[in-house]
Amino acid sequence: MSYSITVNGAVHEVDVDGDTPLLWVIRDTLGLTGTKFGCGIAECGACTVHVDGEAMQSCQIAVEDAVGMNITTIEGLLGDQRFQALQEAWIAEQAPQCGYCQSGMLMAAATLLANNPTPSDDDIADAMINICRCGTYNRVHAAIRRAAAA
Amino acid sequence: MDFTISRRALLQGSGAAAAGLIVGFNLGGPAAAGDGRLNTWVVVAPDGTVRILIGYSEMGQGIVTSLPQVIADEMEADFDRVEVLFAPAGVEFANPVFNMQGTGGSTTTRGSFEQMRKAGAMARDLLEQAAAARWFRPPALVRAKNGRLHDQVTGATLDFGEVALAASRFTPRPDYPLKTPSEWRYIGRAMDRLDIPAKVSGKAVFGIDVKVPNMLVATLAHCPSFGGTLKSVDPAPAMAVRGVRHVVPLDDAVVVVADGYWPAKKGLEALSPEWDLGAFADGSSAAVLAEFREALDEDGATASAEGDVEGALGAAAKTVEAIYEAPYLAHATMEPMNATAWVTEDRATVWTPTQGQGPLTMFGAQALGLDPSRITVHTTFLGGGFGRRFELDFSLKAMLTSRAVGAPVKLIWSREEDMRRDYYRPGAVARMTMGLDGDGMPTGFSAKLVCSSIMSRVFPQMVRDGIDNSSVEGISELPYALPARRIDYVMRNTDIPVGFWRSVGNSQNGWFAEAFIDEAATAAGKDAYAFRMALLQNAPRHARVLKTAAEAAGWGKADDGRHQGIALVESFGSIVAEVVELSVTDDKEIVLHKITVAADSGQVVDPRNFEAQLQSAIVYGLTAAFYGEIRVENGGVVEGNFDSYRMMKLEQMPAIVTRLIPDGTSAMGGAGEIATPPITPVLTNALFAATGERIRDLPLIRHGYDLGRARA
Ligand code: FES
Ligand code: FES
């Protein structure tokens, strides 16, 4: 089957089975590898993308359900001014370690700040449910604080 | 293929781009080899860019910055014009500690510090000689400074790039000098990490992101029991799945190769492989650990001994004894195991997130029947390593699969396969006994340890007289004044594979020793900190670290309802003390309020990155202490994904207060693993202070505890 999906503003015809998770369409079919695979079962957030502006785990969305959605990956946010401010906060805090979880972290933080420009510590804790095996949590927290203050 | 990315492009015109730093990840070998190459590690381009080749693996520990920091300092390079490339595997990049190329044991920075200093100093010498020749001056009158060469007589200057080509034709003078520490400009300072711009842009290329033309994607299932093999598999059901191209049987696994990961996974699920489950088909971790407990009554090999322990224990006014048990643990790197290989008749190329380039070249050649010179290993970024990626299995399986199908293949393991085919932190059992005199001071200490030996599999030549140091480290040598002591080890190797897990033997033995010292302090009626300090009279460095942690944490001054635990563990040449402050709710929810860590690691190359390593290692240890347990039943691992092998999250993390104890005189210690061992004992010690319950087996969830949201 062929599905028409909108990723980073462009429409793509993808010829895959309808149950293929959006994650694998993004990575294997579209070749956008900023979105990561960590668990495949909605536990880690490494695969987080924006669907109509909200952070969602792309391993949980079948491509057949993604038709008509407005999907944004980290590649689609490069150059966006607000996202750049977030990246700079991340750099200032030297947040990443291995870096593997960080795309997902940034995608989650971006919607958190879009919806709530001055989050409390509890708001940050509620929103940032991504797993980081390197334990960058405190610097991620600090980077979100810094971006919110900017 | 060149994945060199400029920071400018990454941030697209942002203010931070002014620095113009470039992080290179070169997928096709050293783009910069040849002209301007000053030695194995340093190439200076005509535009003055200093390219540094790194033969180590970057898995988050920051070495793609800290090593260039050292080279650039001695070289007097301008750090803003430094570029880093991952070197292809080669003998010239051997880790001086291992004598082969590989990353682990917290050896990278301390093992190659002097080598990197010399590489930088040598490069500077060549540049100075070349400039001197240009100016007809004796080289002594030329000085390199911040990327430029200065004529001390006329004040004329040249950029490094202007003499780079000429410099590569000079021979280093035999006595080129190293800087004195007071002359260092980058060493000891916090530098922005060079890999971070790529890592906040989704552009860092991890193993799983590798793309090779005409590449297929594969996934695999291993035999459900350890030691079992594949008998047969009918490929037809997988081949009927759209997008599946091949089914490849391996010794102990079946691989499905397809156009993408998803069809490969669906194909795999359609198969009904027949396995020979092997001798361990009924094996379980419960039975193995029970056997370990029985083995406590056997005589072991003695790892270390001093004085007459039996006599000392017999004469003691009081003895304390306890048995501890540590579970098997998986590494669970964030990036699941994977590798991409392209194997043809006479050569093999592998792009892999490996910690073991050297052994991979050797064993890859062996597995494929090729000469090692026909194997090319490209190292990608590693999405975590923690020791797991020192193993070669994921790279070798990609190579075998590629050879079988005659095409480049990226083999990606599912999280479940990653969890169930690990080389685990060994499950371990310890019995410890301490004798106390009438004043509550130790008279003697004995410990017997039972666990599997990692080295027996990996480097058997390192097992001597029944002792694998990685099984006893963390307890065989303690800094405390113990008049008599003996540490024995009973080796029990089983079918459950064991491997290097962040901090290795220190991870369990550090807990055993420091939790038990706490028990002894309680039995002696003494404060846990004061008891330790009294035993550290001949260990001033250790005493200073412990005191620093205690003072920074406000030891003994916790608010009502809050409780503290303290511990001190030396590992990898570094001394680390930690204090945790926590409280426990009525329904056994633990709330962490603050963690304090003090470390003496000798010279530290980059204090900020060092601190990040300490934090990281603490989270790793906390996660394991609360949740970590790999159980084996029916020969295979029960846990499969993060729902059953849980992970600590952001909301649970308290603030971490760090104190680095500058010590320019001691040898450099490790950084990446050293804060893991103390965190488990501080936790169980604080829990005892809070509840009176001594936890002697982990994880804490087994005892009904969970970890709540942190609160300052
Ligand atoms: S891969 Fe989607 S949540 Fe982990
Ligand atoms: S930075 Fe390594 S998993 Fe988060």
Criterion: open to solvent by 10 Å² or more (accessible area, probe 1.4 Å), among the aliphatic types (A, V, I, L, M) and more than 16 Å from ligand 1 (Cβ to nearest atom) - qualifying residue of A:Ala92, A:Ala143, A:Ala127: A:Ala92
A:Ala55 - would you say it is more than 7 Å from every other protein chain (Cβ to nearest Cβ) and under 22 Å from A:Ala147 (Cβ atoms)? yes
Quick check on this structure: which one of B:Val632, B:Val638 is free of Cβ contacts under 8 Å to residues at least 12 places away in the same chain and under 30 Å from B:Asp282 (Cα atoms)? B:Val638
Quick one: what pairs do we get from the range B:606-621, first residue more than 8 Å from chain A (Cβ to nearest Cβ), second assigned to a helix (DSSP H, G or I), C-beta under 6 Å, 6+ apart or different chains? B:Asp606/B:Ser66; B:Gly621/B:Thr676; B:Gly621/B:Ile679; B:Gly621/B:Thr680
How do the strands (runs of 3 or more DSSP E) wholly within the range B:295-384 filter down when requiring 1 or more residues that are away from ligand 2 (no atom under 16 Å from the Cβ) and surrounded by 24 or more Cβ atoms within 10 Å (Cβ to Cβ): which remain? B:318-326, B:338-343, B:348-352, B:375-379
Within the range A:1-24, the residues that are of a type in the set (Val, Ile, Thr) and touching a residue at least 40 places away in the same chain (Cβ under 8 Å) are A:Ile5, A:Thr6, A:Val7, A:Val14, A:Val16, A:Thr20
Strands (runs of 3 or more DSSP E) contained entirely in the range B:207-258, each with at least 1 residues that are farther than 25 Å from B:Asp276 by Cβ and open to solvent by 40 Å² or more (accessible area, probe 1.4 Å): B:244-249
With the requirement that a residue be open to solvent by less than 30 Å² (accessible area, probe 1.4 Å), more than 23 Å from B:Met419 (Cα to Cα) and near ligand 1 (Cβ under 10 Å from one of its atoms), what does the range A:50-70 give you? A:Ile61
Out of the range B:159-201, which residues are of a type in the set (Val, Ile, Thr) and open to solvent by 50 Å² or more (accessible area, probe 1.4 Å)? B:Thr171, B:Thr180
Go through (1) more than 25 Å from B:Ala617 (Cα to Cα); (2) modelled with pLDDT of 95 or more; (3) open to solvent by 10 Å² or more (accessible area, probe 1.4 Å) and name the single condition B:Tyr489 misses. (3)
Would a scan of the range B:41-50 turn up a residue that is over 20 Å from B:Ala119 (Cα atoms), in contact with a strand residue (DSSP E or B) (Cβ under 9 Å, 6 or more places away or on another chain) and at pLDDT 85 or above? yes
Is it true that A:Glu13 is within 16 Å of ligand 2 (Cβ to nearest atom) and open to solvent by 40 Å² or more (accessible area, probe 1.4 Å)? no
Mind checking which residues of the range B:183-232 are within 14 Å of chain A (Cβ to nearest Cβ) and of a type in the set (D, E, K, R)? B:Arg189, B:Asp192, B:Arg193, B:Asp195, B:Lys199, B:Lys203, B:Asp209, B:Lys211
Could you list, in sequence order, the residues of the range A:100-140 that are touching a helix residue (DSSP H, G or I) at 6+ places or on another chain (Cβ under 8 Å), part of a loop (DSSP other than H, G, I, E, B) and either near ligand 2 (Cβ under 9 Å from one of its atoms) or in contact (Cβ under 8 Å) with a residue 60 or more places away in the chain (or both)? A:Ile129, A:Asn130, A:Cys132, A:Arg133, A:Cys134, A:Gly135, A:Thr136
Sole residue being polar (S, T, N, Q), modelled with pLDDT of 95 or more and assigned by TED's automatic domain parsing to the domain that holds A:Ala114, chosen from A:Gln87, A:Gln60: A:Gln87
Give the residue, chosen from B:Ile656, B:Ile695, B:Ile679, that is open to solvent by less than 50 Å² (accessible area, probe 1.4 Å), touching a Ser or Thr at 6+ places or on another chain (Cβ under 8 Å), closer than 19 Å to B:Ala549 by Cβ and assigned by TED's automatic domain parsing to the domain that holds B:Val604. B:Ile656
Search the range B:41-73 for residues being assigned to a loop (DSSP other than H, G, I, E, B) and away from ligand 2 (no atom under 16 Å from the Cβ), and hand back the single one that is surrounded by the fewest Cβ atoms within 10 Å (Cβ to Cβ). B:Asp47
Considering each residue of the range A:23-49, count those that are of a type in the set (Val, Ile, Thr) and near ligand 1 (Cβ under 7 Å from one of its atoms), and give that number. 1
For the range B:201-241, what are the residues that are without any contact (Cβ under 8 Å) to a residue 60 or more places away in the chain and among the aliphatic types (A, V, I, L, M)? B:Leu230, B:Val233, B:Ala236, B:Ala238, B:Met239, B:Ala240, B:Val241
Which residues, taken from the range B:264-275, are open to solvent by less than 70 Å² (accessible area, probe 1.4 Å) and either under 19 Å from B:Pro327 (Cα atoms) or not in a loop (DSSP other than H, G, I, E, B) (or both)? B:Ala264, B:Lys265, B:Lys266, B:Gly267, B:Leu268, B:Ala270, B:Trp275
So, B:Phe79, is that one among the hydrophobic types (A, V, I, L, M, F, W, C), out of contact with any Cys (no Cβ under 6 Å at 6 or more places or on another chain) and surrounded by fewer than 21 Cβ atoms within 10 Å (Cβ to Cβ) or not? no
Check every one of the strands (runs of 3 or more DSSP E) wholly within the range B:396-459 and list those with 3 or more residues that are open to solvent by 10 Å² or more (accessible area, probe 1.4 Å) and at pLDDT 95 or above. B:442-451
Pair list, Cβ < 7 Å and 6+ apart or interchain, from the range A:34-48 residues that are more than 7 Å from chain B (Cβ to nearest Cβ) to residues that are near ligand 1 (Cβ under 6 Å from one of its atoms) and polar (S, T, N, Q): A:Ala42/A:Gln57; A:Gly45/A:Gln57; A:Cys47/A:Gln57; A:Thr48/A:Gln57
Looking for something surrounded by fewer than 19 Cβ atoms within 10 Å (Cβ to Cβ), away from ligand 1 (no atom under 16 Å from the Cβ) and either of a type outside the set (Gly, Ala, Ser) or away from chain A (no Cβ under 14 Å) (or both) - is there at least one such residue anywhere in the range B:637-646? yes
Restrict the check to the range A:112-125 and report whether at least one residue is touching a His at 6+ places or on another chain (Cβ under 8 Å), at the interface with chain B (Cβ under 9 Å from one of its Cβ atoms) and not hydrophobic (A, V, I, L, M, F, W, C). yes
Within the range B:215-266, work out how many residues are polar (S, T, N, Q) and more than 28 Å from the chain's Cα centre (by Cα). 2
Output the helices (runs of 4 or more DSSP H) that fall wholly within the range B:475-588 and possess 3 or more residues being closer than 30 Å to B:Gly60 by Cβ, or say none. B:505-523, B:540-553
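The values are calculated or read from the model by the stated rules, or taken from the named source; none is laboratory data. Computed from a prediction, not measured in an experiment: that's the story for all the values here. Positions of Cβ are generated from backbone atoms using ideal geometry, with glycine treated the same way; all protein chains shown enter the neighbour counts. The area values use the complete protein model at the heavy-atom level, side chains included, leaving out ligands, DNA and RNA. Shrake-Rupley method; radii C 1.70, N 1.55, O 1.52, S 1.80 Å.
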